Amino acid sequence: MSSKVQERDLIVSKIRDGIVIDHIPAGRALIVLRVLKLRGGEGRIALVMNADSRRLGRKDIVKIEGKELSEGELNLLSLIAPTATINIIRDYSVVKKFQVKLPETVKGVVKCRNPKCITNQPREDVVPTFKVLHLDQPILQCQYCGTYLTIDDINAQLAGER
Ligand code: CTP
Ligand code: ZN
């Protein structure tokens, strides 16, 4: 497989162990870093923006050494980068490749933006849970109060986190 990768196409080198998130819609790489809470203090990270893609025209790629993805991270990734392919790399080889898949619900990774929502009441122990709706873009609907969360809302929320 990798033999068809031409040297001239390699903007950043191959990685040894970690993950490559490929086929990210162009312009979304920075949101992907936010979702994965990568702020530069970790291992080696490579970011390719606006690479040529036969499938998407332009795409972003994020390579992260020594990282594994949790279920929650994969769920968020599927919302902001529904076209993404996850490649698990071990000793320079792609040992696993899969498409992200939109879940039916998202639980406990983002907060409802309605301050009156029961999930935002400190006395209540209710985990924020959202139904995934497929409109133009996937959006989330709070299971408790019906409030919608768009990709932009998710991005803003992740940007505000420390
Ligand atoms: N990759 C990497 N380091 C490795 C192996 C692969 O950074 N040791 C990257 C490649 O540069 C590519 C992605 O992981 O961006 C997937 O690799 P591969 O499956 O070899 O490429 P393709 O066949 O082009 O992938 P696809 O068919 O999913 O487009
Ligand atoms: Zn709510």
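Would you tally the residues in the range 37-61 being more than 10 Å from ligand 1 (Cβ to nearest atom) and closer than 24 Å to Gln157 by Cα? First the steps, then the outcome.
Within the range 37-61, the subset more than 10 Å from ligand 1 (Cβ to nearest atom) is 37-45, 47, 49-50, 52, 56-58, 60.
From what is left, the residues that are closer than 24 Å to Gln157 by Cα are 37-42, 45, 47, 49, 60.
Residues that pass the stated criteria total 10.
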Fill in: Qualifying positions in the range 78-97 - within 10 Å of ligand 1 (Cβ to nearest atom) and out of contact with any Leu (no Cβ under 8 Å at 6 or more places or on another chain)
Thr85, Asn87, Ile88, Ile89, Arg90, Asp91, Tyr92, Ser93, Val94, Val95, Lys97
Worksheet, complete the sentence: The correct count of residues that are among the β-branched types (Val, Ile, Thr) and either open to solvent by 70 Å² or more (accessible area, probe 1.4 Å) or modelled with pLDDT of 95 or more (or both) in the range 133-158 is 1
Worksheet item: Of the residues Thr83, Thr105, which is exposed (fewer than 13 other Cβ atoms within 10 Å of the Cβ), modelled with pLDDT under 95 and within 16 Å of the chain's Cα centre (by Cα)?
Response: Thr105
Worksheet item: When the range 108-126 is examined, which residues are found to be part of a loop (DSSP other than H, G, I, E, B) and more than 21 Å from the chain's Cα centre (by Cα)?
Response: Asn114, Pro115, Lys116, Cys117, Gln121, Pro122, Arg123, Glu124, Asp125, Val126
Worksheet item: Residues of the range 1-43 being more than 30 Å from Gln137 (Cβ to Cβ), modelled with pLDDT under 90 and open to solvent by 80 Å² or more (accessible area, probe 1.4 Å), which ones?
Response: Met1, Ser3, Lys4, Gln6, Glu7, Arg8, Ser13
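The values are calculated or read from the model by the stated rules, or taken from the named source; none is laboratory data. From a predicted model like this one, the values you see are computed outputs, not experimental measurements. A quick note on method: Cβ atoms are made from the backbone with ideal geometry, for glycine too, and the neighbour counts reach across all protein chains shown. With ligands, DNA and RNA removed, areas are computed over all heavy atoms of the protein, side chains included. Shrake-Rupley method; radii C 1.70, N 1.55, O 1.52, S 1.80 Å.
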